[in-house]
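The values are calculated or read from the model by the stated rules, or taken from the named source; none is laboratory data. Owing to the predicted nature of the structure, the values given are computational and were not obtained by experimental measurement. Here the Cβ positions follow ideal geometry from the backbone for every residue, glycine too, while neighbour counts run over all protein chains shown. Just so you know, the surface numbers come from the protein's heavy atoms only, side chains and all, with ligands and any DNA or RNA stripped out. Shrake-Rupley method; radii C 1.70, N 1.55, O 1.52, S 1.80 Å.
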Amino acid sequence: MIDYVNRLGDGAPLIGPPPKGAAVAVWSLDTRLDAVAGLPVAEASAVLDAAEQDRAGRLVHPADRHRYLTSHLGLRVLLGSYLGLAPHEVTLVRETCPCCGGPHGRPAVAGGAVHFSLSHSGDVAYLAFAGVPVGIDVEETPSTEALADVLPLLHPAEIAELNALPEGDRRTALARVWCRKEACLKADGTGLALGLVDPYVGSAPAPAPVPGWTVRDLPAPRDYAAALAVRA
């Protein structure tokens, strides 16, 4: 289990060489910050590429736009540090979709020198970097309404596990399940295209084994859950 999550803030990060193999570096970021590693979020358009700028521009709520810009600025700062590039010099691409073969698969850096994954929820972003495919997810504890909506979509064993819990524990357990499952789906590039039934990750305090992947829960702020999946 990864017990330490690096924190990226408004100062320059202390960063080593890029992780090799299944070793993973995990970072967290407060997406309410006005600057990331000395770069003002208000000037992010000078660092992000056209696709990122377009995505940010389509976000209606200013708070959502700010969170997106902050997290992607953080991603570029860290990728640039690992690759020896300025943040604006990092070229992001999309891998081939494993479901349909289209050009909208897992986000990647051109050349594939390091694998990465980004997730943000509420005011928190988590970022993971490894030498092999990796996925990360962070989620706020869901509402009772979200629990009712998502529960029927899960693996039958997970549905039974959650229904067997006291009502007050179900939302926290669902957050664990959701993060573990999303981390796996991000890591293999399928996303939500094939639904939420597989893989079975379980709702217990420790994740269930997932063939081909190492899945771990991560330390997270109060009222959040986070998980990581890395190719075994």
>> Given the condition on the phi > 0 side of the Ramachandran plot, within 18 Å of the chain's Cα centre (by Cα), open to solvent by less than 40 Å² (accessible area, probe 1.4 Å) and at pLDDT below 95, answer yes or no: does some residue in the stretch 174-194 qualify?
In response: yes
For R7, the lone unmet condition from (1) of a type outside the set (A, V, I, L, M); (2) in a loop (DSSP other than H, G, I, E, B); (3) surrounded by fewer than 19 Cβ atoms within 10 Å (Cβ to Cβ) is (2)
Flagged in the stretch 141-164 as touching a helix residue (DSSP H, G or I) at 6+ places or on another chain (Cβ under 8 Å), without any contact (Cβ under 8 Å) to a residue 40 or more places away in the chain and assigned to a loop (DSSP other than H, G, I, E, B), in numbering order, are P142, S143
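Could you please let me know if D64 is at pLDDT 95 or above, closer than 19 Å to G122 by Cα and either part of a helix (DSSP H, G or I) or among the aromatic types (F, W, Y) (or both)?
For D64, the condition - at pLDDT 95 or above, closer than 19 Å to G122 by Cα and either part of a helix (DSSP H, G or I) or among the aromatic types (F, W, Y) (or both) - is met.
May I ask you to verify whether V132 is outside any helix (DSSP H, G or I) and in contact (Cβ under 8 Å) with a residue 12 or more places away in the chain?
Details: outside any helix (DSSP H, G or I): yes; in contact (Cβ under 8 Å) with a residue 12 or more places away in the chain: yes.
Yes, satisfied.
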Residue set A187, A229, A183; condition in contact with a His (Cβ under 9 Å, 6 or more places away or on another chain) and not in a loop (DSSP other than H, G, I, E, B); output residue A187
Taking the stretch 72-98 and keeping only residues that are exposed (fewer than 14 other Cβ atoms within 10 Å of the Cβ) and assigned to a loop (DSSP other than H, G, I, E, B), one is left with G84, A86, T91, T96
- Query: Do the conditions hold for E140, that is, is it open to solvent by 50 Å² or more (accessible area, probe 1.4 Å), closer than 27 Å to P221 by Cα and at pLDDT below 95?
  - Reply: no
Condition set assigned to a strand (DSSP E or B) and among the hydrophobic types (A, V, I, L, M, F, W, C), scope the stretch 29-61, selection most open to solvent (accessible area, probe 1.4 Å): answer is L39
Within the stretch 198-232, residues farther than 18 Å from P142 by Cα, touching a Leu at 6+ places or on another chain (Cβ under 8 Å) and among the aliphatic types (A, V, I, L, M) come out as V215, L228
Cβ pairs under 9 Å, 6+ apart or interchain, first in the stretch 39-66 and closer than 20 Å to L78 by Cβ, second among the aromatic types (F, W, Y) and surrounded by 13 or more Cβ atoms within 10 Å (Cβ to Cβ), ordered by first then second residue, are E52/Y68; R55/Y68; A56/Y68
Filtering the stretch 122-148 down to residues that are more than 14 Å from T31 (Cβ to Cβ) and either small (G, A, S) or touching a Pro at 6+ places or on another chain (Cβ under 6 Å) (or both) yields A128, F129, A130, G131, G135, S143, A146, A148
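When you scan the stretch 195-226, how many residues do you find that are polar (S, T, N, Q) and either surrounded by fewer than 16 Cβ atoms within 10 Å (Cβ to Cβ) or part of a strand (DSSP E or B) (or both)?
1
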